[in-house]
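Structure, as structure tokens:
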Amino acid sequence: MDAKQNHAWSRIEAEAARLGKLTLLDLFTADPARADALTFEAPHITADFSKQRIDAPALAACDALAQAMDFAGWREKLFSGAVVNSTEKRAAMHWALRAPNPPSEVLETRARMAAFAQTVRSDINAIVHLGIGGSDLGPRLVLDALKPHRVAGIDVRFAANVDGSDVADAIEGLDPKRTLLIVVSKTFTTQETLANADFVRAWGPAHLGAATAAPGKAVAWGVPQAHVFPFWDWVGGRYSLWSSVSLCCAIALRDGVFDALLAGAAEMDAHFRDTPFARSLPALSAAIQMWNREALGHGAYALIPYSERLRLLPAYMQQLEMESNGKGVSRDGEALARSACGITWGAAGTNAQHSFFQLLHQGVEEIPVELIINAGEHEGPASHRAKVFANALAQARALMVGKQTDDSHRRFTGNRASTLMAIDALSPAALGALLAFYEHRTFTQAVLAGINPFDQFGVELGKEMASQLLPALEGGPAPVDLDASTAAWVRRLAP
Ligand code: F6P
């Protein structure tokens, strides 16, 4: 760490020590205008950070760290297509997939997807989408979230897991003659996806399609060239939902919906690219995550969308944040002095209230909470909307205010931090903006920590070992150098 960075951290620690002596309610007493001052806007999103243990001097200290880490320089590198993924020598240009003037190969692929959607829709009543990780979580979330925007009569099934029950469920009850199989894999080498794809191809689906950065491999596997939709090595798997990876969305959502999603994301890109750190919603949100984790010692946060249609967001965010920033070394390969990533977990509210909110209110450790509400129209019974809002607001307030009583079992310490975010509607554009917001927040966290968020070598070792163990579990010889525990399990499980 250089002197500027050290100085910024000293400032952060001093501000955290100052604020540590105050409760959240003290902060509201000291500054009655705090709710307004700490509420920020970006396209389609309003975020209220006033129930976080921060104030203007604390955010200024975070800004100083951002400057010391060259936040503006790295953001410029990201948006200029420079090599920001240094270990893999790649740019990270997911933003270009939704830019108003995208590269020609992006436009061409999008036009091919739209044309394919038009022709295939009349031939099918089901799509089976096979992919895993970034080739699964994004389109699964988008289709679930935008259900009211779907075309009628096309069932979309997903399978990711190599546990055969997943793919068995995915084809159950479908007519292969009316099914499109889409194999989605950036590398087209992922064991789980190819195992599932071989199985479904043998079932005889009428149409085959693929989304991949390795088109030759998809063609060699049997997908007609005309149904192979490329994406590129400058699109990371967990940043790829804006690409052909979402072919099933382009088909199963009404015309224009996927474009609106891209346009909403582009609005957030412009906000992030053009707004100074002190007013940038993704940057401030990243600073607060870092602050909670590194300055205040809260290593996890709970992500609670108060929207059933966003129930898959926590799973999506687990990959985005933890696969991006779950790193132990800096860009230069030096061990980090501080953690770059916390633990993301959560579930949809209000269900989560009846599950793990006990821990959030009365557990020994504080876990900051991020609540998301849809401030626009809601589906279903009209009277439910106010109830959803009442619950979300009440939880954030209860976490902060607590309840004092002589009965320690019924006591709530309060003074627990939360952020309340509102999207202006559960529209395609707002969903695009929300997901782009999270991408940029993840990037900013990486910049603040000095790491590369775009590689994922941590997933490789387990994959390699699985390949080494597979022959023995299929009845072949076991590797000779196994530890005693693994060797015993191989003996127990081998046929
Ligand atoms: O789990 C590692 C990973 O490489 C993810 O980053 C990626 O999203 C997923 O596997 C799927 O990879 P592919 O799209 O190449 O099948």
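A short reminder: the numbers here are calculations on the coordinates, not readings from a lab. Every value quoted in this text rests on a predicted model; they were computed, and no experiment measured them. Here the Cβ positions follow ideal geometry from the backbone for every residue, glycine too, while neighbour counts run over all protein chains shown.
Brief remarks follow.
- Nearest 10 degrees, 0 to 90: helix 384-401 Cα axis against the chain principal axis: 50
- Acute angle (nearest 10 degrees) that the helix 191-203 long axis makes with the longest principal axis of the chain, alpha-carbon atoms: 40
- Per-peptide packing, taken as the mean over residues of other Cβ atoms within 10 Å, places 437-444, 486-493, 4-11 in the sequence 437-444, 4-11, 486-493 from highest down.
- Stretchable slack from residue 189 to residue 13, in nm (0.36 nm times residue separation minus alpha-carbon distance): 58.8 nm
- Calculated FRET efficiency for the pair residue 21/residue 408, C-beta based, R₀ 35 Å, to 0.05: 0.90
- Between residue 118 and residue 88, the simple spin-label model (points 7 angstrom out along Cα→Cβ) gives 3.4 nm.
- Based on Cα contacts under 8 Å between residues 6+ apart, segment 103-255 shows a relative contact order of 31 percent.
- Less than 5 angstrom separates the built amide H of residue 156 from those of 127, all sequence-distant by 5 or more or on a different chain.
- Helix-only arithmetic for the chain: the sum of -39500 (n - 2.57) across DSSP H runs with n ≥ 4, divided by the residue total, places the mean residue ellipticity at 222 nm at -13500 deg cm²/dmol.
- Packing rank of 314-323, 331-340, where each peptide gets the mean count of other beta carbons within 10 Å, highest leading: 314-323, 331-340
- Net dipole in debye of the chain [+1 Lys, Arg Cβ; -1 Asp, Glu Cβ; about Cα centre; nearest 20]: 480
- Between the C-alpha center of segment 225-304 and that of segment 401-475 there is a gap of 13 Å.
- Take each peptide in 101-109, 295-303, count the other Cβ atoms within 10 Å of every residue, and average; sorted highest first, the result is 295-303, 101-109.
- Short-range pairs are left out: with C-alpha atoms under 8 Å and at least six residues apart, the relative contact order of segment 14-142 is 11 percent.
- With the simple spin-label model, which puts each label point 7 Å out from Cα in the Cβ direction, the residue 464 to residue 329 separation comes to 1.3 nm.
- Hits among lysines - C-alpha to C-alpha of residue 147 under 24 Å, sequence gap 8 or more where chains match: 387
- Nearest-ten-degree value, helix 428-449 long axis tilted from longest Cα axis of the chain: 70
- Each part gets one Cα centre, and for segment 151-215 versus segment 306-365 those centres are 29 Å apart.
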